[in-house]
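Colleague: Okay, handing you the structure first.
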Amino acid sequence: MLALSSIIAEPSFSQEPRPAPTRKPVAERASQEPVATFDTLLSADAYRVYGEVRSVGQFVRSAGVSDVIEPVLKLAGPPKELTAMVKWLNSQADALTTSRMLVAIWPLKPKLPQVLIAIEFSSAQEAQKFVPQLREFLPQVWPTPAPQTGEKPKPPAQKEETPAPAPPPFQIRRSGSIVLLSDSAVNLRNLRPTGSKLLAEEAHFRTARNRFSSESVFLYVAMAAEDTANPKVSGTSEELVVAVAPGIAKKEDPESAAGLPPPVDPPSEAPPEALQAPPPPPPPTDKQPEPTLDLRLGLLTNALVGGPPEWPEAVGLGLNFDDASYVVRVLLLNTLQTKRAVPFIPNLISGPALAPESAAIMPFDSELFVTASLDLPQIYEGMVGAFSPDLPPEVKARLVAPDNSESPFASFEKEFGINIQEELLPLFGNEVAMSMPLRPAASPTPAPTAQDQTGKTTVPAPPSGPNPVFAIAIKDREAVRALIAKMLDSAGLQGAQLLAQVDRRDDSELISFGNVFSYAFVGNFLVFSQDSAGTRHLVDSYRANKTLISDGSFKNYLRWQPRQVLGQVYIAPTMDTSSMTADLTGMMNEDFNELLSRLSPYKEPITYALSNEGMGPLHEIRFPKNFVIMYIAGMSAGLKDQPMLTNEATARSALEMIARFQATYRANKGDGQYATLEQLLSDGAVSRSMVQDFGYTITVNLSSNGFTAGAVPNEYGKTGKNSFFIDESGVLRGGDHGGGPATIADNPLN
């Protein structure tokens, strides 16, 4: 009976209209999308810049972060949004303890948010609990923009409708254990289209991420990625470089690149005869004047650094906070290995990795020490190519002067009678070093050199300030000595060798020319300097065994570097807390003093190393924590005081303008009398804005024979600290009087 009833009822059911399918809720539709993870969220061609913060909660509460943020919060007077964000992140640190955060910017395809932030939690439940808290907090730092005013009013008869509230400027959604935050709606299928290559599978990204797997912060930039969202910016062209770092690869016309004025369009009509340009100079003769030494050296410098930059295909960066330093590592990635470790100096080509030896000859008191392994033959070939006549005019104009038809190398070879490629370069090794002393080395009084027309003996002035000392590894000392003698003879300085003073002792040899120029052979290096005293100081330190390598601090702080490097930099810890405090006296307050009291008293150097582990050039630099904190504290205090500094500068300018105009007013319109402040304002000597809008009260007082003008802050400590004074002498004076007026007894200001 039941089966029969169902058969009979079947036609009636089929004849009834079927209900329309219901639209699934958004949450249900979203659940049909693939669940996102960090490794499957983005395709390789989605964004150019990718950043990652590991263990967000631990990172936020780490001493390295708090020590940097604290000076900003206490000294810079930051906006309330920044303060609220720091406070909220600290309150959420427990929930974010093991979370990872992803930040992607610069979309490479259309229909992608400009900024995408993803936070990965340990489970979907933890992510779901975090979303309401994020929705509640974000409006405090990312408020909904107010509706635009100026709309046309509606007719009175028309019923006024309540406008719909503006949507928030951010979007929040969850996918599994990941919470996504973006500036516009995000579609997971747009972030990772079907069949696209994942970012985690891209070779350069995988190499950089694995290399910086232990860093707290990881950053990846796909320099060579194609930008389909903005086709004008793609690849490693100059347009990309301009977009990433404006000014580095700015296109220039040949005239401006060569230091010449830009071309001027010809006038539409011929100028009057009296204003016509002078006739062109006569054509040059066959014999051109020899370029000066400074010009030739300048051209060689341009040939070294003036070529088009060769940017890597990708860049990886890692940031880590050690107990006593902040470590930054940068990895340059290319499909083919390259010896160009500095992209914007294309002809600076690295040689083989080496264990530096120059520290064994450089003085112990060097403030700055730099050493590098260079492939000198390839550098020479690259620089010679910069003077090739086959180069495009716009490129050549950046490197050489257009009226110099001969390369400086050829000029030097003629002057010194050598062949650089065949005679000079084979004598040199790969290591090249430079040292800058802490202060000028004590030099003996130069010997009298000549007599002027009055018969008075003249003595050359000693060198001003410390000069760098250079060292280059040599393979054959005797061959180099003979070549230098040949060069001096060819340059017409045969007699100079007779006047040279030679000081040989142990493994060093110093050759001086009247305490004006000297070079030395020390160990396996040729050492030279423009400052003769600097070369002698290096030799004396070497003989006394007072070199960098003998300094325990130097060895200890470079112990982190690999044994063999391509480059090395050591900046001595010459800036201690007391000297920095003296420089920042005007910014000190209770918070600043408390910050100083917690800094470590130990001074540490800044160290840097360039190496290659087989993945590409790796730059690594370590900043001491004390140095970073003091630098940020100084910057923060400066930002807080910037309004006061602006007000003070404006008040000083106003008084100087008043003094200049008073003399003119008295000689003309004033008929022997100086002007009042109101007369000065009426005549436009100083604007009312300068007097009224910059936190200072400016007064002008007249006497029978002169005038005085003063400026005091409206609110001492808020609108300004210093008071200023000027009179008919035009000398500006001032000082900190606690808000009181300055007088003629104050010290003049520069």
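Colleague: Looking only at residues that are farther than 16 Å from PHE130 by Cβ and of a type outside the set (D, E, K, R) in the stretch 56-66, which one is most open to solvent (accessible area, probe 1.4 Å)? Give the derivation first.
Modeller: If we filter the stretch 56-66 for residues that are farther than 16 Å from PHE130 by Cβ, which is where we start, we get 58-59, 61-66.
This time we only want the ones that are of a type outside the set (D, E, K, R), so: 58-59, 62-66.
Working: GLN58: 106, PHE59: 44, SER62: 32, ALA63: 58, GLY64: 6, VAL65: 18, SER66: 49 Å².
The residue in question is GLN58.
Colleague: Same structure, new question: Return the only residue of ASN347, ASN320 being modelled with pLDDT of 80 or more, among the polar types (S, T, N, Q), outside any loop (DSSP other than H, G, I, E, B) and over 16 Å from ASN612 (Cβ atoms).
Modeller: Numbers: ASN347 fails: outside any loop (DSSP other than H, G, I, E, B).
Sole residue among the options that is modelled with pLDDT of 80 or more, among the polar types (S, T, N, Q), outside any loop (DSSP other than H, G, I, E, B) and over 16 Å from ASN612 (Cβ atoms): ASN320.
Colleague: How many residues does the stretch 527-541 contain that are among the hydrophobic types (A, V, I, L, M, F, W, C) and more than 12 Å from SER508 (Cβ to Cβ)?
Modeller: Result for the stretch 527-541: 2.
Colleague: Taking the stretch 108-121, which residues are assigned to a strand (DSSP E or B) and open to solvent by 10 Å² or more (accessible area, probe 1.4 Å)? Please lay out each step first, then the result.
Modeller: Our first condition is that a residue be assigned to a strand (DSSP E or B); within the stretch 108-121, this holds for 115-120.
The answer is VAL115, ILE117, ILE119, GLU120.
This table checks each residue for (1) crowded, with 19+ Cβ neighbours inside 10 Å; (2) under 21 Å from PRO643 (Cα atoms).
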{"position": "ARG660", "(1), (2)": "no, no"}
{"position": "TYR674", "(1), (2)": "yes, no"}
{"position": "SER682", "(1), (2)": "no, no"}
{"position": "VAL686", "(1), (2)": "yes, yes"}
{"position": "SER689", "(1), (2)": "no, yes"}
{"position": "ILE698", "(1), (2)": "yes, yes"}
{"position": "PHE725", "(1), (2)": "yes, yes"}
{"position": "ASP736", "(1), (2)": "no, yes"}
{"position": "ASN747", "(1), (2)": "no, no"}
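For every residue, the table says whether it meets (1) assigned to a loop (DSSP other than H, G, I, E, B); (2) under 21 Å from the mean Cα position of the chain (by Cα).
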residue	(1), (2)
GLU310	yes, yes
ARG329	no, yes
THR335	yes, no
THR338	yes, no
PHE369	no, yes
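Colleague: Okay, next question. Of all residues in the stretch 122-156 being of a type in the set (S, T, N, Q) and part of a helix (DSSP H, G or I), which is modelled with the lowest pLDDT? Let's see the steps before the verdict.
Modeller: To start, the set of residues in the stretch 122-156 that are of a type in the set (S, T, N, Q) comprises 122-123, 125, 128, 133, 140, 144, 148-149.
Among the residues that remain, those that are also part of a helix (DSSP H, G or I) are: 125, 128, 133, 140.
Numbers: GLN125: 91, GLN128: 90, GLN133: 88, GLN140: 78.
Residue satisfying both the conditions and the ranking: GLN140.
Colleague: Within the stretch 492-526, which residues are small (Gly, Ala, Ser) and modelled with pLDDT of 80 or more? So that I can check it myself, show each step before the final result.
Modeller: Within the stretch 492-526, the subset small (Gly, Ala, Ser) is 492, 495-496, 500, 508, 512, 514, 518, 520, 523.
Scanning the stretch 492-526 gives SER508, SER518, ALA520, GLY523.
Colleague: For the stretch 67-88, how many residues meet the condition of being open to solvent by less than 50 Å² (accessible area, probe 1.4 Å) and under 19 Å from PHE321 (Cα atoms)?
Modeller: Taking the stretch 67-88 and keeping what is open to solvent by less than 50 Å² (accessible area, probe 1.4 Å), we get 67-68, 70-72, 75-76, 78, 84, 86, 88.
Checking which are under 19 Å from PHE321 (Cα atoms) leaves us with 67-68, 70-72, 86.
Number satisfying all stated conditions: 6.
Colleague: Would the stretch 472-491 turn up any residue that is in contact with a Ser or Thr (Cβ under 7 Å, 6 or more places away or on another chain), of a type in the set (A, V, I, L, M, F, W, C) and either at pLDDT below 85 or surrounded by 13 or more Cβ atoms within 10 Å (Cβ to Cβ) (or both)?
Modeller: Taking the stretch 472-491 and keeping what is in contact with a Ser or Thr (Cβ under 7 Å, 6 or more places away or on another chain), we get none.
The answer is no, given that none of the residues of the stretch 472-491 is in contact with a Ser or Thr (Cβ under 7 Å, 6 or more places away or on another chain), of a type in the set (A, V, I, L, M, F, W, C) and either at pLDDT below 85 or surrounded by 13 or more Cβ atoms within 10 Å (Cβ to Cβ) (or both).
Colleague: Residues being at pLDDT 90 or above and not in a helix (DSSP H, G or I): count how many of those fall in the stretch 178-191.
Modeller: 5
Colleague: Please enumerate the residues belonging to the stretch 527-546 that are surrounded by fewer than 21 Cβ atoms within 10 Å (Cβ to Cβ) and in contact with a helix residue (DSSP H, G or I) (Cβ under 7 Å, 6 or more places away or on another chain). Write out each step before concluding.
Modeller: Let us first name the residues in the stretch 527-546 that are surrounded by fewer than 21 Cβ atoms within 10 Å (Cβ to Cβ), namely 528, 530, 540, 543-546.
Selection gives PHE528 alone.
Colleague: Filter the stretch 700-722 down to the residues that are small (Gly, Ala, Ser) and in a strand (DSSP E or B) and list them by number. Outline the logic, then answer.
Modeller: Of the stretch 700-722, the ones small (Gly, Ala, Ser) are 703-704, 706, 709-711, 717, 720.
Matches in the stretch 700-722: ALA709, GLY710, ALA711, GLY720.
The values are calculated or read from the model by the stated rules, or taken from the named source; none is laboratory data. Keep in mind that this is a model prediction, so the values were computed, not measured. No Cβ is skipped: glycine too gets one built from the backbone with ideal geometry, and neighbour counts run over all protein chains shown. Heavy atoms of the whole protein, side chains included, go into the accessibility calculation; ligands, DNA and RNA do not. Shrake-Rupley method; radii C 1.70, N 1.55, O 1.52, S 1.80 Å.
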